[in-house]
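A short write-up of the structure that comes next.
Read-outs throughout are calculated quantities, based only on the coordinates presented, and are distinct from any laboratory measurement. Everything quoted here is computed from the prediction, not taken from an experiment. Neighbour counts are summed over all protein chains in view; Cβ atoms, including those assigned to glycine, are modelled from backbone coordinates with ideal geometry.
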Amino acid sequence: MHLKVNDESHEVTVDVERTLLSVLRHELGLTGTKYGCGEGNCGACTVLIDGEATRSCITPVTSAGGRDITTIEGLADGDTLHPVQEAFVEHTAFQCAYCTPGFIMSSTVLLDRNPAPDDEQIRSALSGHICRCGAYVRILKAVKSASSEPVQSEGGAS
Amino acid sequence: MSRQNADPDIALKVVGAPRWTPEPDPRTPPGDPATLLTIDSDGVVSAFSGKVEYGQGIRNGFAMEIADELDVGVDSVQIVLGDTDLVPQDRGTTGSASTRTVGIQLRRAAATARRALIDLAATRLEVSAGSLKTRDGQVVPDDGSAGVRYADLLSGNSLTLDIPDVVQVKAVEEFQLMGRPARRIDAVSRVTGAAKYAQDVVVSGMLYGKILRPPSYGAKLRQIDTTRAERVSGVVSVVQDGDFVGVVAEREDVAEYAVEAIRARWEESRDTASDWNIPALLKERAEDLTALREGGDLGAGFGSADRVFENTYYVPYVSNAQMEPSASVARWDGDHLTIWSANRGPFAERDSLAEMFGLDTSQVRVTAAEIGGSFGTKTPTVSYEAARLAKAVDAPVRVSYNRAEEFSWSTVRPAATFEIKSGVDADGNIMAWDYAAFHAGENAFRGKRGADILYDVDNVRIGVAASESPLQSGSYRSLGGATNHFAREVHMDEIAVGLGLDPLEFRLRNLTHDRLRPCLIAAAEAFGWATRQQRPGVGYGMAIGYDAGSFTAQCVEVLVENGEARVTRVVVGFDCGLVVNPDGARNQIEGSIIMGMGTALWEAVEFDGGRVLNAGFARYRVPRIADTPEIEVVFTGGDDVPSSGAGEPGIVAIAPAIANAVRDATGTAIQELPIVPRL
């Protein structure tokens, strides 16, 4: 089948029952998208399909055929980080960072649709993701600072 | 002091013995001398440690310390971690000890190199060493004349230096980087998906393994039929060795599918332990109490008390539930085993694998990948499983746990039951303290941490016992510390309520500790404890604690309504001595608060007869971003006090502070965790 990932086309031969996550990681070597739970509960596997934040661990690969798939590897423009990636660096919005790609992918969708979300809207949009290191304070600050109405940060890295 | 080294690329090498204590201590002799730091002919500095990075930012902390001592940019420092063939054996990454032990020795190594660079420059420039200093990777004369780059000074050299007995490291006021907020040097790889975790490691010719799991702990395999699994396309082999059964396949999903196709009959343990009856069982099945401390005269203490308080407390098993499930790659080259894993203690893992396979430790190499969280779990078991399968099929094999395996077959924080009896006089002075803790797990030592009391009390008995564990207990953030603190600090509030004293006033009346007392006062002041407003559904609580050489005091505000409790505000007083990287320390403390909040409010492993019943995030509630309280951290340590741990101590006081706040809001005592199911 035909998969379009990060603006590149791939012909892959896959079993119909495989998940998009499995194909991205194992066939295409795109390991930035993480396995966290396999049940759609933690958000670590989040990718964009036609601009929608999607749990790749519960998405059959066949349903993604021919659609625009973006993974964390496709977010930066060459060496220039996406503003959300830049904000996560700026605020050290991670510790182990295993969950970070998923949080970043969902945050980009939120900001595309709502360039100036308030705190409650950010919390709501990201509540399907888990960060066990508990970097939530920083993630909230990072997303806010990447919005069109950033607030003065306190305590974050400068 | 210096000699030639054999490696042509290494212009300067500093050798020293890893240390386990912040200062030399004759009771704990240092490890074997090993290369701690090198500078290559291009001036690139490399430092070596057996510590590993699992999110605590240790790579960053080390790089800042070395860059500061050597006066080089942090970008020209490489930190090599956790490869047993390359780094010194400086013990595992536990007890929040990296900065205070390995960090100081790396600083001494860097200071040794800096001294040698100045001497080289003095010879070349024909001036006295005293007229030179270092700046931006150069040795520069005081008179402002041109300096010499380290790379130029080292060109053509191949020196080996030993760390002298006395080496002058820099004073706090000379630091350029340490003590100031800093970006993580590994940040970009972590936001672009480039960082390689154990789950991501792929080596040439690698196959995928999946283990057949019993239905419960202690189950014995009685009958098995692997025919269907062997016929699955893509399966390379079904490996069986006693109760150990695994499938090796060309793809992970095939291995997972095939292992489901194995038909097996198990005889399960008849143990009736469950999360329903475990609080009482822990005491019934415990060894005798080991006295950690006995002081004064307990009988006389209770005799002089006007009031006696006696209660029992319980903390359930909780799952570490780190985001990256355990994974390991094993490759055999003849009788040499190489492992890529996410273990916290690569040397301990190397040694245990060598023992399991009857090898010399020199035949095993363990390399730490990036680690997607640990908090104490990630045992060598997954590496052992991968190595057994790899040996059987004569090809590299990766074993990656799925989430259900991680919940059921990784380790959990031991449950514990506590009995506390205290006596206080009419003025609120603690006269007697009798403490008994029964921690699940094979070893009472594990429950020792944080069991002692730092309040002023002369008549005291602290007893800890190990109790038979129906689940596989393992380490956790501040193992023992977080649970012991829950019992003690909740009991303290019960006394305060019983005496009609403010919880802050009662604590201060019994607390002269020179670091904990100012820490508590600072936290209470920043929180506005004295002026807190009583409102319906709102409660306030506090707790203090100590761990890993550091001290903390925490005040929280909770809102209890509709059977839910929400933590709205937390103020943390924190004394970890000199703070190397304030932003890194704050990040760790915030994480500890969030994690501890989960253990206070929602988390408990449900089990029955050795079966874990809630092995997934859908049935095991962890903190989500919507639960995030406002968190303020106040550092109260002195810059002249050596750095102590920051990764774990933040968790010890949060659960009791939340329990005390919920009691304040509802009037109902909280003696068991988690809180929300009991509201």
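Remarks
- Folded to 0 to 90 degrees: helix A:136-146 orientation relative to chain A principal axis, Cα: 90 degrees
- Neighbour counts of C-beta atoms inside 10 Å place B:E284, B:E126, B:E406 in the sequence B:E126, B:E284, B:E406, starting with the fewest.
- Antiparallel content of DSSP bridges confined to the protein assembly as shown, in %, to 5: 75 percent
- Summing +1 for each Lys or Arg and -1 for each Asp or Glu among the other residues whose beta-carbon sits under 14 angstrom from that of B:F445 gives 0.
- Neighbour counting of Cβ atoms within 10 Å sorts the residues B:M431, B:M64, fewest neighbours leading, into B:M431, B:M64.
- Between the C-alpha center of region A:1-19 and that of region B:439-503 there is a gap of 54 Å.
- Evaluating 6.51 cos²θ - 1.76 cosθ + 1.60 at θ = phi - 60° for every residue in region B:367-376, the Karplus couplings come out as 10, 7, 7, 4, 10, x, x, 8, 6, x Hz, glycine and proline recorded as x.
- Computed on chain A, with alpha-carbon pairs under 8 angstrom and 6+ residues apart, the relative contact order is 23 percent.
- Residue-averaged [θ]222 nm for chain B, counting only DSSP H segments that reach four residues, each worth -39500 (n - 2.57): -7500 deg cm²/dmol
- Lys/Arg +1, Asp/Glu -1 at C-beta; chain B dipole; positive extreme among B:A615, B:L177, B:V52: B:A615
- In Hz, Karplus ³J(HN,Hα) per residue of region A:7-16 (6.51, -1.76, 1.60; θ = phi - 60°; x = Gly, Pro): 6, 10, 9, 10, 9, 10, 9, 9, 5, 5
- Summarised as an ellipsoid, region B:375-482 has semi-axes of 43, 11, 11 Å, derived from the eigenvalues of the Cα gyration tensor scaled by 5 and square-rooted, with the largest first.
- Relative to its Kirkwood radius, the Cα radius of gyration of the protein assembly as shown gives an Rg/Rh of 0.97.
- Ellipsoid semi-axes in whole angstrom, largest first, where each is sqrt(5λ) of the Cα gyration tensor of region A:83-146: 16, 12, 10
- Cross-linked pairs B:K210/B:K391; B:K51/B:K391; A:K34/B:K220; B:K283/B:K421; B:K13/B:K133: Cα-Cα separations exceed 24 Å for B:K51/B:K391; A:K34/B:K220.
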